[in-house]
Structure formats: C-alpha cells, structure tokens
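Every number here is computed from the coordinates shown, using simple stated rules; none is lab data. Nothing here was measured: the structure is a model prediction, and the numbers come from that model.
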Amino acid sequence: MNRTDRLLAIVLELQGKGRQRAEDLARTFETSKRTIYRDIQALGESGVPLISTPGHGYSLMPGYFLPPLSFSTEEATMLLLGSDFMAQNFDAQYRAAAQSASRKIIGVLPSQLRDEVEYLQSSIHFVALGVNSNPAEHEKLQLLRRAILDHHIVHFTYHTRYASNGNDTTNERDANPYGLSYFLQSWHLVAYCHLRKDNRVFRLDRIENLTILEKTFQRPENFQLRPPTREKDRAIVIRALFDHEVARWVLEARSFPITSKEETPEGLLVTLMVRQESLALQWLLSWGQHVRVLEPESVRQHLFEEAQGMLRNHQPTVAEQKVQTVLT
C-alpha cells in the first residue's frame, strides 16, 4: 500500500472505528508506529481535524466526514452483487435495507460506470437458497436479532435427533445469543448454552417456544462468529472405504471435516473426525453398499443394526408373499 492510499485508509479507519492508538493503526496497516506518527502529522497538516489524547490514541473531530467515495467498476459490482444476494436470502426487514443500499449506490455512480456495472451485474447471478419461505423462522430471526443487540438471554425448547436410533430428544435451554450464521442451507444460532456450560451452535428449525428473558449478558471480547472448529471437539476418528465409482461424489458432497483421503486399489480411503458418532451415521448410510466402515467398531455395529432394521422393513409381508405365490 502506498502512502497516499494509507493516509485515506487511516481516515476511514478512524471514521469507522472511532479512537485508535498508533500501535493499533500500525498493526492494521502492517507498518511501524514511527510511520503512523508521520502519517498522522501529514493528515493534520492537510486539514483533517484530528484529536490526540495521550494514552488513548487518535480520533476524528465529531461531525467530520469524508466526501462521497468513488468506486471502481469492480468495487461497485461487488457491492451490488452482495446487496442482491442479501436481498434474496434475508427476511423482509433486511431485504428492504439491502435493496435501499443498492439504489443509493447506483444513484451516485456516473452514467458510464453505471452502465458497466449494470452489465456485469446482469451477467453474474447467485441462486437464492430459499431461506425466506418460512414465516416462523422470520419471527425467530427477528427475536434473536433483538436479543443479540440488547444482550438479553433467551429461552427455548430444542430438539436433538440421535441418528443411531432416530429418537427426538427435547430439552429446555437458556442461552446467551452471540450471533447468527447461515451455513449448510440453514440458519444457526451461535450462543453460550447454560445447560452445557459452553458455546454451542443451534439450528433455528429445531428451536421452538423462543422467548427473550429480562436477564442480560456480556459477550466475550474475543468472540468470533464461526462454527466451532476446535480439534478437541472432534475426538472420534472414523475410517471408511468408498468404492471408486462414488469417490468423486463423496469429496464433492462431504458434510464432515475429512482429515485425510487416500486412493487405494480397493477404493477411496477417507478419515473423518467428528464430535459424536451419531452425527456421521446418516451420511454414511446415504452411500448404501458403496461404503464400508473400517473403524471404529461401534460405528460398524450401529450401521449393521440400522441395515438389519431396513431389511426387516422391506421384507414382503405374508399377504404379499401369498400374492407372489399365486402369480408364479
């Protein structure tokens, strides 16, 4: 980044984040504090109204804003494509905000740039994932957004399915809502669970009777919104051998972290790491006779029992056997 770009970026950083120390700015722009001191001096000499507070850093004088920014074709296109995608995949409140933002961006573009952006925008399309079709989910999203902003604890009934036996287990949960995330074609609540005494991820379509409590919480300063990926949470290792004809599709449709894969004469040898065996059983069953689990033995036993149950369900009844006998 050259100095001119860095000076503008420093003003944007102060405008967006408020007070920043020299070491904070140096870390952001990967330079030295001495360079930041010189940049701050240059900004002041150029007329940018900066406030320096010893021990606390720099800030912009209240009421100071940069004039409207200019966008390149690529920058404006990405902003508009992002707005379009958000409009398709959020509920009505945020859809309206995304559409309004798009109109404002288009409105300030020069006519030639607007034509280029609209052409590119019409040439790139994101397929909507259909998350706006459930009114009950919209209501839950609105309640959770309010709870997140107001730092209020929420209470709900949660459904947990254990794939090994198909049972639906429900329990009551209190949770500190930290954030919302959309992945694997479903909305998820990332929260601290009072029952489990740890951070958990809850699917919104498994949440019922959601209410906001009067009790409040403080979100940890170091919190980062992402699904849990700690290796210690995935302590169970599963090794499975897939037939060659499905190997490509296994890698394309994988739903679990594959820690290793190896092409062997017998097929694709895959190693998974999961938190619970039950989480992988349905995925393994979906490959039918094209997969053979090598370990652990407990997963092999669960699959064997499930296959036996499926066989019993599909054996012909006595009546069907009599009909077949008559026909033959």
Projected onto their principal axes, the Cα atoms of segment 232-314 stretch, largest extent first, over whole-Å spans of 35, 33, 20
Taking 0.36 nm per residue of separation between F223 and D198 and subtracting their Cα-Cα distance, the length gained on full extension comes to 7.7 nm
